[in-house]
Structures are given as C-alpha cells and as structure tokens.
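Colleague: Structure in structure tokens, see below.
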C-alpha cells in the first residue's frame, strides 16, 4: 500500500510523455527527410520482402472531445471520395519504387473512422492496394470500426476485402461519462455489430477502453468491462486518458474538475486489471490484455512483441509504410511523415510526388535507445546480457544505460546483476520510466 501511495503522489499520470510508438517521437521529426529520401529508402527494400502498411482515414462524422488524434469532421461523402482518390495515387507512387516480389503481411486501416468509407469506396481502395502489393499468405488485415458508423453493406465489404481483425473504441458505456466526452454509444449497438461481424466470419476482436475519464468510477468501469466480456473479445486495450487541451483543443470541452486524480486513476487501472485477469486474459505490455491463444500473447511469450503506431503487434517486418495524411513510415534508416493536412496531402500527391514533409534519420545511439525503449514497454524488463548479445555491445556499456533508468526509482523497478524489471504495481507508468532513455526530451520523472 505504501508503494502505491508513493506512485500516486508522484502524480505520474500528469506527466506528458510520448506514447513511444516511434523513437524519437513524432514531435522531434524535422524537415531533414523529404520525398526524395523516401524514394531512396523504398528502393533499398530487398526484393521479395514482406512489409507492413498503415493507411490513415482522418474523417469522422462527429468529433469526440476526448480524442487527440488528427481527425476532421465530414457530413458528406464528397471530401472522403476525393481523399481516397489521393490514396490510390499514393499507392501507385509507392509501387513505382518498391522492389519486385514485395508482399504485405500486416495491413491496418486506422483513423479517424475507416468505416466512414462507403462500401463501394472501401472495396475499390482495397482492390487497388492489394492488386498493387499482394497480401502474404499469413497476413493480418485489421480495421478500426466505429459501431455507430457501420452497416451490413460495410461489414460485407470488410469480409470481401479479406479483413480478419477489427478493433472498436468503446471507452465507457456510462451515460454521464459519455456526455462529458462528447460520445454516445450503447452496448446494444456494439453487440449487434459484433454479431454481424462474426456472421461474416470476421472473428478477431479488440475492444479499446479508456480509464481516467471525467466522472468515471470503479463501479462504472466494472459495468462497462463486464458487458464487453460477455461478447468474448480476443483483446482489450485499457489506456490512460491523456488530457492535453493545449494540443487538442476539442478536449477543452471536457471539464477538467471532473477528471479523477492520480490515485483514483491508478485504482481504476487496477480494477480493470483484476477483472480481466480473473476472466483469463493475460497482461500484454503496459496496458493490453489478450487471451492466452491470441497472437499477441504468443508473441509476448516468445519475446517478439512490437510497439509502433498501431499500438502493440506481432509485426515481424522491418518496414512499415504509412499511407495518407499525417501517416508515418518506418524504415531501417529512419522515419518519414506525410503532410499533416488533408488538403496539403492531396495537393502533393496530385503533383506526382510523395507527400513527405518531415521525418528523422537515425544517428548516434538512436537505434540502441529505441530498441531499449521498445523492449521495456513490451517486456517490462531489460536484460543487459541479452541486449549485449542481440546488439553486439559490451555488457558494461549497456549497464550504464540501465543505471540511467533505475536511479531513484526503487519503488517502481527491481535492479540486479541481470538487468531491470518494472514491478507489477508500476506497470501503468512504463512510458514514464522508459522516458529516462529519451535523449530528445527532458526526463518526465
């Protein structure tokens, strides 16, 4: 109990640390990376490689106040269809530089609301993409689904395109919580969509839940999770709500005085953790849970869990190509990010060149620090011996990095001659702990 009190009084939930879906984080990207460099990196991919693709759909019918992602509202399909035409042209541009034999083993449509696309538009986009870059035999095709914005035609289009995994942002079913975050979603609607998906043989299901929302309490979160458990999903993500109205202006609509303080946030996560583990879900990384036979759980046991712009994955590929406005691509050489605004993105693509405006070229010890951050967030421990073997570096050098993390954090970390491990009660603070390795930002703790 004393350790938990120390964690809470540090107010670590208020620390504005990156999600570390990349290292360095997107906020530290610069114009040093342009469309010419992206073409070079695409051309350097070995022939017959397997790659991953993330396609961004930034549109929503209604903007939820809690969301800090780059999205925009559209009440008509005109802007959406125009954007998809730009995506198709970008696919053609990428194809021009890709080596022969390239296939896609991990494909993810995120947003925004990918299911805002009309069924015919979604089908056309998927056909364009998979005819240009075929799906591998062991592919995973995941789509983020908004239960409020999907019908049977769209579900049928998902099935026809080969989608085999979906995620749904639930957050909380409590009416007072939903009113405070500008989102309305009923359990009955979610249940009906899940039934439709399974009837179309789309069985892999993830529910996304936020804790730390305004007016959220333990009993309310418990009710939400118990309703979702009745639908037997494969995975849960239970993430901390980050209130940053200075960066996401729509969050100013949320009453900050209604947000639970750090000690209550910690108890909310512990409530979710106990409930999900009691129901047989295994903890994955810092904030995910999955069934023991799920691909994430298997990757976790084998030490192959990855962290990127999609969250946690079992992605085995070195290359991730981002398509669409603001999308980020990952290469062995560094990162590229597309123009953030949809208008700027469409204009660049219409001009016949990649929409890359910034990124990062790996330098100094970027790869080492990025690997250590990823492993810490995935495995919740770092072994100096294992890292030395995998990275071909002296153990003594890696011990210096481990000491940098561990200093002053005895209530959160175990440090011995083998390495460091995050204590179970400190799991929600893994990002803050990993920030000790971030040389591009001041330590958050």
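Colleague: Does at least one position in the range 96-104 carry a residue that is in contact (Cβ under 8 Å) with a residue 60 or more places away in the chain and either assigned to a loop (DSSP other than H, G, I, E, B) or in the same structural domain as residue 183 (by TED's automatic domain parsing) (or both)?
Modeller: The answer is no; no qualifying residue exists.
Colleague: Considering only the range 62-83, how many residues are in a loop (DSSP other than H, G, I, E, B) and surrounded by fewer than 13 Cβ atoms within 10 Å (Cβ to Cβ)?
Modeller: 2
Colleague: Looking at residue 224, is it surrounded by 15 or more Cβ atoms within 10 Å (Cβ to Cβ), in the same structural domain as residue 183 (by TED's automatic domain parsing) and in contact with a helix residue (DSSP H, G or I) (Cβ under 6 Å, 6 or more places away or on another chain)?
Modeller: no
Colleague: Continuing with this model, one more query. Take the range 235-252 and flag every residue that is in contact with a helix residue (DSSP H, G or I) (Cβ under 7 Å, 6 or more places away or on another chain), more than 30 Å from residue 291 (Cβ to Cβ) and in contact (Cβ under 8 Å) with a residue 12 or more places away in the chain.
Modeller: 243, 244, listed by residue number.
Colleague: Now a separate question. When you check residue 147 against the structure, is it free of Cβ contacts under 8 Å to residues at least 12 places away in the same chain, closer than 25 Å to residue 242 by Cα and in the same structural domain as residue 259 (by TED's automatic domain parsing), yes or no?
Modeller: So residue 147 does not fit the description; no.
Colleague: What strands (runs of 3 or more DSSP E) completely inside the range 345-433 contain at least 2 residues that are buried (at least 21 other Cβ atoms within 10 Å of the Cβ) and in contact with a helix residue (DSSP H, G or I) (Cβ under 9 Å, 6 or more places away or on another chain)? Walk me through it before giving the result.
Modeller: Numbers: elements: 356-361, 381-383, 413-416, 419-422.
Of the strands (runs of 3 or more DSSP E) lying wholly inside the range 345-433, those with at least 2 residues that are buried (at least 21 other Cβ atoms within 10 Å of the Cβ) and in contact with a helix residue (DSSP H, G or I) (Cβ under 9 Å, 6 or more places away or on another chain) span 356-361, 419-422.
Colleague: To continue, here is another question. Filter the range 152-183 down to the residues that are in a loop (DSSP other than H, G, I, E, B) and either under 23 Å from the mean Cα position of the chain (by Cα) or free of Cβ contacts under 8 Å to residues at least 12 places away in the same chain (or both) and list them by number.
Modeller: 162, 163, 164, 170, 171, 172, 173, 182, 183
The values are calculated or read from the model by the stated rules, or taken from the named source; none is laboratory data. It should be emphasised that the depicted structure is a prediction, and the values quoted were computed from it without experimental measurement. Every residue, glycine among them, receives a Cβ derived from its backbone with ideal geometry; neighbour counts consider all protein chains shown.
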